1. Could you figure out which of (1) open to solvent by less than 60 Å² (accessible area, probe 1.4 Å); (2) modelled with pLDDT of 80 or more isn't true of Ser210?
2. Could you tell me whether any residue of segment 363-386 is within 23 Å of Ala257 (Cβ to Cβ), open to solvent by less than 40 Å² (accessible area, probe 1.4 Å) and basic (Lys, Arg)?
3. Evaluate segment 21-44: report whether one residue or more is at pLDDT below 65 and open to solvent by 50 Å² or more (accessible area, probe 1.4 Å).
4. Inside segment 313-345, can you point out the residues that are touching a helix residue (DSSP H, G or I) at 6+ places or on another chain (Cβ under 9 Å), without any contact (Cβ under 8 Å) to a residue 60 or more places away in the chain and not acidic (Asp, Glu)?
5. Quick check: is even one residue across segment 63-71 among the hydroxyl-bearing types (Ser, Thr, Tyr) and either modelled with pLDDT under 70 or surrounded by fewer than 14 Cβ atoms within 10 Å (Cβ to Cβ) (or both)?
6. Might you check whether a residue that is out of contact with any helix residue (DSSP H, G or I) (no Cβ under 7 Å at 6 or more places or on another chain), surrounded by fewer than 17 Cβ atoms within 10 Å (Cβ to Cβ) and at pLDDT below 90 occurs anywhere in segment 346-358?
7. Sort out which residues of segment 137-196 are under 22 Å from Glu212 (Cα atoms), β-branched (Val, Ile, Thr) and open to solvent by 20 Å² or more (accessible area, probe 1.4 Å), and write them in order of number.
8. Any idea which residue in segment 294-328 is least open to solvent (accessible area, probe 1.4 Å), counting only those that are within 21 Å of Met269 (Cα to Cα) and of a type in the set (Asp, Glu)?
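The values are calculated or read from the model by the stated rules, or taken from the named source; none is laboratory data. None of the values given here were measured: they were computed from a predicted structure. Reconstructed Cβ throughout: ideal geometry from the backbone, glycine too, with neighbour counts over all protein chains shown. We work out accessible area using only protein heavy atoms, side chains counted, and drop any ligands, DNA or RNA first. Shrake-Rupley method; radii C 1.70, N 1.55, O 1.52, S 1.80 Å.
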Amino acid sequence: MAKKKISDVCAWCGREGSVAQGRYLVPSPLDGDLMICTDCAETIHAMMAEQQEQQPKRSASSFARQMTGKVPTPAEIKDFLDGYVIGQDVAKKYLSVAVYNHYKRLLQPETADDVDIEKSNIIIVGPTGTGKTLLARTIARLLEVPFTIVDATVLTQAGYVGEDIESLLTRLLQAADYDVEKAQRGIVFIDEIDKIARKGDNPSITRDVSGEGVQQGLLKLLEGSIVNVPPQGGRKHPEQRMIPVDTKNILFICGGAFEGIEQKIAHRMNQHVVGYNTDNQRIHFDDKHEYLRYVAPQDLRSYGLIPEIIGRLPILVHLDPLDREALLRVLTQPRNAIVRQYQKLFKIDNVELTFAPEVFDFIVDKAIEYKLGARGLRSIVEAIMVDAMYEVPSMNVKKFEVTLDYARQKFEAAHFEAAATEA
C-alpha cells in the first residue's frame, strides 16, 4: 500500500480532503507541502473569536486585581515626591490629585449611570532645571506603570523628515515590553512642548510641519482614539504589521519652559487698566519669573498653542524657579541627591567621601551666578571631583575630604567660568 504524501492530508487533523463533504485542503504560503482543511480553519477562527471576546474582560479584571489596594492617595503621592523633588508644593499637589483621579477612573466599575469620567492630561510650565521631567519620572516609579519620555522637537507631520507622531506610542510599547494592555495604562511625558508652538499668524509659502502640524496630529492621541502604531518605527520598516493601541487610558504629561511667556502674562494682567493714576492698580514684580504663578490657558494660546490642544490639557501647572535655599537642598537632601551619588561612587572603592559645609555654599553660589538651575549643580560638582575620581582609586586611602580651597582650585582649573561666559 502506497504511503500518503504530506500534501494529501491536513497537517492539523490528519484527514484527507473530500470534495463530497466540502472539506478542501489549503496549502501553506510558506511550505506548499503543508495543508490545512477548511473544517480546521473554521474551528481555529471560532476559537480565536472566542478568545478575543474574553480578552478585554480578562485584561480589565487582571489590571483591577493588580492595582486594587496599591494606588496611593494624593497625600501619599506627594510625600513620595517630596523625597526626590525639592519645593514645588503647588505643582506636586496638582499632579498628585490628577494622577490619583486618573487611576480611579481606570478602576471604576461599570455602572448604569451616564457619567463618564474623562482623563486629566497635564501641562507643566516652568524654567529649565526646575524639575519637570523629574516629577513625571518619579510618579511613574511610584505607580510602577510603563513610562516614556519623548522630545517634541523631533516630531513632524507624516511624510516629512523627522519622527512621526505615532513614535510616542512606539516608545511606550517598548517600555511595556510590547504588552499592549499594559501600555494602554501608561504615562507619556512629552518634553519641550513649547517648541512646537505656532510660528506666527503671518502667511508663509512653507508649511509649519514641525509646529502647528504636530499639534494637529497630537489631538487624536491626547483625547483618546485607536491608533495604529508601527512597533519598530514606520519609515525604517514599512512592511511591518501595525499594532492598534487605544490611547483613551494613557495619561499624557506635557512640559515646556515657554521662554518669554512672562511678557504675555504681564501684558494680559495690565492691559485692562485705563485712566489716570493707574500705576497703583498695576501689578509689579521684582522677578519676571513671579508672573508664572498667574499663567492661564489664554497665555499658552498667545504663545502659539492651538485652542484644540489646550482644551485637551485641562490641568495647567507652573513650577517656580529655584532660589538659593532650594538649590542647597537639591544638592544634599533628596534620596538621589548629587552629593549622595558621588559618595556612593567612592564607597564602591571603599573610600569615605566627605564635603566641608562651605563647599556646598560655593557650589550653589556658582550655579546662581551662571543661572544654570538644578542641572548646573551636577556640572559644577563634576568639574570639582573629576581629578579626585581619577586619582583616588589608585591611592591607598580610606577617607577623602573636599575642602573649600580644594573645590575653588579645581573649579578654576577646569576653566568652567570661561566656558559659562562664552555660553
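1. All conditions pass for Ser210, except number (2).
2. Yes, segment 363-386 contains at least one residue that is within 23 Å of Ala257 (Cβ to Cβ), open to solvent by less than 40 Å² (accessible area, probe 1.4 Å) and basic (Lys, Arg).
3. To start, the set of residues in segment 21-44 that are at pLDDT below 65 comprises none.
So far as segment 21-44 goes, no, none of its residues is at pLDDT below 65 and open to solvent by 50 Å² or more (accessible area, probe 1.4 Å).
4. Arg324, Leu327, Leu328, Leu331, Thr332, Ala337, Ile338, Val339, Arg340, Gln341, Tyr342, Leu345
5. First pass over segment 63-71, keeping only residues among the hydroxyl-bearing types (Ser, Thr, Tyr): 68.
Filter once more, keeping what is either modelled with pLDDT under 70 or surrounded by fewer than 14 Cβ atoms within 10 Å (Cβ to Cβ) (or both): 68.
Yes; the residues of segment 63-71 include at least one that is among the hydroxyl-bearing types (Ser, Thr, Tyr) and either modelled with pLDDT under 70 or surrounded by fewer than 14 Cβ atoms within 10 Å (Cβ to Cβ) (or both).
6. No, there is no match, as no residue in segment 346-358 is out of contact with any helix residue (DSSP H, G or I) (no Cβ under 7 Å at 6 or more places or on another chain), surrounded by fewer than 17 Cβ atoms within 10 Å (Cβ to Cβ) and at pLDDT below 90.
7. Ile149, Thr153, Val154, Val161 - these are the residues of segment 137-196 that are under 22 Å from Glu212 (Cα atoms), β-branched (Val, Ile, Thr) and open to solvent by 20 Å² or more (accessible area, probe 1.4 Å).
8. Among them, the one singled out is Asp299.
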